[in-house]
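Following: one structure in structure tokens, then a few remarks.
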Amino acid sequence: MGTMNISLPDTLKAFVDEQVTQRGYGTSSEYVRELIRKDQDRLQLRSLLISGAESPPAAVADGNYFEGLRDKVRKAAGTTPKA
């Protein structure tokens, strides 16, 4: 694992220390790693949303479309539709 040293103003360091205590992190490094992971997830989701928004429509998402999806899930799970 690599090491990175960062400098924070006293107010930000106090905030990080408070979050570590209140949220049950063992160290400030654990808290910062969690923030970075969440930011990575946010950026990935943003990229997927932008790609989806820029892509052409594939099919109409009406009741039949969703019922088809339900049928696929039922078949994969080995269940039958409820009457």
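The values are calculated or read from the model by the stated rules, or taken from the named source; none is laboratory data. Just so you know, these numbers come straight off a predicted model, no measurement behind them. These area figures cover heavy atoms from the full protein model, side chains too; ligands, DNA and RNA do not enter into them. Shrake-Rupley method; radii C 1.70, N 1.55, O 1.52, S 1.80 Å.
What full-extension length gain, to one decimal in nm, is calculated for SER55 and SER29 as 0.36 nm per residue of separation minus the Cα-Cα distance? Can you show the working numbers first?
On the way: separation 26, 0.36 × 26 = 9.36 nm, distance 3.89 nm.
Roughly 5.5 nm would be gained on extension.
How much accessible area per residue does the chain have, counting only protein heavy atoms and a probe of 1.4 Å, in square angstrom?
Details: 7540 Å² over 83 residues.
That works out to 91 Å² per residue.
For the chain, what is Rg from Cα atoms divided by 2.2 N^0.38 Å, rounded to two decimals?
The value comes to 1.92.
Nearest 10 degrees, 0 to 90: what angle lies between the long axis of helix 63-77 and the longest principal axis of the chain (Cα atoms)?
Tilt of helix 63-77: around 80 degrees.
Computing the accessible area with a 1.4 Å probe over protein heavy atoms, can you report the carbon and sulfur percentage for region 1-75?
56 percent
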